[in-house]
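Notes follow once the structure below has been shown.
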Amino acid sequence: MILPPTLASYVQPSSAEFTGSYAADDKRMGHLLAEHSPSPYKQAVVLLGSPQDIGVRRNGGRPGAATAPEAVRRALYKYTPFAGDRSVADFLALSDAGNMRVEGVDLEEIHERQSLVVAHLLSQGCIPVVIGGGHDIAWPNASGFGAVHAEFGVINIDPHTDVRPLINGLAHSGSPFRQMLESDELNVPAGAFAEFGTQRFAVAQSHVRYVEEREMHVVWYHDIRQAGFIPAFEATLTRASDNGRRPLYVSFDMDSVHSADAPGVSATAPVGFSADELCRAAWVCGVSPFVGMIDIAEVNPACDVDGRTAKLAALILMHFFGGLAHRKP
């Protein structure tokens with residue numbers, strides 16, 4: 001992926017390597033990303049990593065998410081592109097913009113730069129897929145998305161609302177959606193933001209009230225269990241997108257997955273969605289013509305078990321790609 005010179009200075013190539021050796025008729029995602037060639041007949045999808053956990057540290061979480069983009073890439077490289085009835089390689093032009101440069105840069109500057117890179121990718125007709133890092137990445141992602149779309153919706157798949165106030169005026173992993181909702185430059189209309197999977201005893205009453213007072217939606221985990229995961233998620237997509245009339249950005253916080261499936265996260269959840277449910281949600285996002293961007297946040301390789309969480313994050317991305325390959329023009 002070619003960025004203009006100014007933006008290119010904000011990123012650096014990924015250091016993750018694909019070491020697999022497979023037959024010509026058994027290519028893996030690592031081969032496809034290495035062999036990327038643009039095509040006007042395929043949807044352009046671009047990976048972007050944000051290898052930092054500054055916001056997690058500020059919020060008192062477990063550090064370690066800084067190494068997640070490379071861990072997720074290594075897992076991603078080993079998956080095959082075959083989605084059961086078609087190869088994603090036949091429908092998507094996949095490339096990797098690399099990682100945001102974070103050494104010697106404060107979080108506020110990283111966010112500003114990331115917002116510009118995301119906005120550029122979107123303006124070029126690409127679908128950005130951002131790999132965090134802490135959930136503070138949602139603020140620059142929303143900011144970049146809003147710089148391109150006059151009006152948009154957002155879904156946060158998360159047991160927490162992440163609308164905490166800033167800490168001494170500084171952003172952190174618990175503040176991104178408050179920043180989004182209070183921004184004078186972004187237009188997220190009433191009803192266009194949904195917290196999906198909010199859990200009892202994991203969120204402050206004041207934070208739920210904050211979301212609801214802004215006429216946004218809190219879709220509780222226990223209500224999702226009553227309605228069924230996919231019906232509840234599809235209903236949330238429909239509502240946040242105003243029946244497909246506005247584009248959506250969907251954020252996958254890996255804290256939303258129960259710890260048996262995702263032990264390597266910044267804040268583990270003994271109760272949560274299953275690995276299969278998050279994969280199915282990603283497929284639905286891929287198929288949906290109004291989802292223009294996703295991210296994965298809070299993978300923490302330092303706390304992972306056998307790379308289980310990084311592998312799941314990569315598999316979620318693969319299901320998004322598979323859904324995209326089935327998306328109708």
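Bear in mind that the values in this text are calculations on the coordinates, not laboratory data. These numbers come from a predicted model, not from an experiment. Reconstructed Cβ throughout: ideal geometry from the backbone, glycine too, with neighbour counts over all protein chains shown.
Its Cα centre serving as origin, the stretch 64-195 has a Cβ charge dipole (Lys and Arg +1, Asp and Glu -1) of approximately 460 debye. Ordered by the count of other Cβ atoms within 10 Å of each Cβ, fewest first, 177, 193, 290 give 290, 193, 177. The C-alpha radius of gyration of the stretch 3-48, expressed as a fraction of 2.2 N^0.38 Å, stands at 1.44. All C-alpha to C-alpha distances of the stretch 33-93, sorted into 5 Å bins beginning at zero, yield P(r) values of 4, 14, 18, 18, 15, 10, 9, 8, 3, 0 percent in whole numbers. Shown here is the pair-distance distribution of the chain: with all Cα-Cα distances grouped in 20 Å bins from zero up to the longest one, the shares run 35, 61, 4 percent. When +1 charges are put on Lys and Arg Cβ atoms and -1 charges on Asp and Glu Cβ atoms, the dipole computed for the chain relative to its Cα centre reaches about 460 debye.
Short-range pairs are left out: with C-alpha atoms under 8 Å and at least six residues apart, the relative contact order of the chain is 20 percent. Sorting 309, 238 from the fewest to the most surrounding beta carbons within 10 angstrom yields 238, 309.
Ranked by the mean number of other Cβ atoms within 10 Å of their residues, highest first, the peptides 126-137, 103-114 fall in the order 126-137, 103-114.
When only Cα pairs below 8 angstrom with a gap of at least 6 residues are kept, the stretch 100-252 shows a relative contact order of 26 percent. The lysines whose alpha-carbon is closer than 23 Å to the alpha-carbon of residue 27, local same-chain residues fewer than 8 away aside, are 42, 78, 311. Shown for 311, 78: other C-beta atoms within 10 Å of each C-beta, ranked fewest to most, produce the order 78, 311. Within the stretch 179-329, all pairs of alpha-carbon atoms sorted by distance into 5 Å bins from zero give the percentages 2, 9, 17, 21, 21, 17, 10, 3, 0.
In plain terms, the C-alpha convex hull of the stretch 8-136 casts an average shadow of 8.9 nm² when viewed from every direction.
With Cα atoms defining each centre, the stretch 232-307 and the stretch 30-86 are spaced 14 Å apart in the structure.
Pairs of Cα atoms nearer than 8 Å and 6+ residues apart set the relative contact order; for the stretch 1-141 it is 40 percent.
Taking the convex hull of the alpha carbon positions in the stretch 77-151 and averaging its projected area over all directions gives 6.7 nm².
About its Cα centre, the stretch 174-329 has a charge dipole of approximately 420 debye under the convention of +1 per Lys or Arg Cβ and -1 per Asp or Glu Cβ, with nothing else charged. For the stretch 149-197, the residue among 170, 152, 191 whose Cα projects farthest onto the positive side of the dipole built from Cβ charges is 170. Normalised by 2.2 N^0.38 Å, where N is the number of residues, the C-alpha radius of gyration of the stretch 107-210 stands at 1.05. Ranking 141, 294, 228 by how far each Cα lies toward the positive end of the dipole of the chain (charges on Cβ) leaves 228 at the top.
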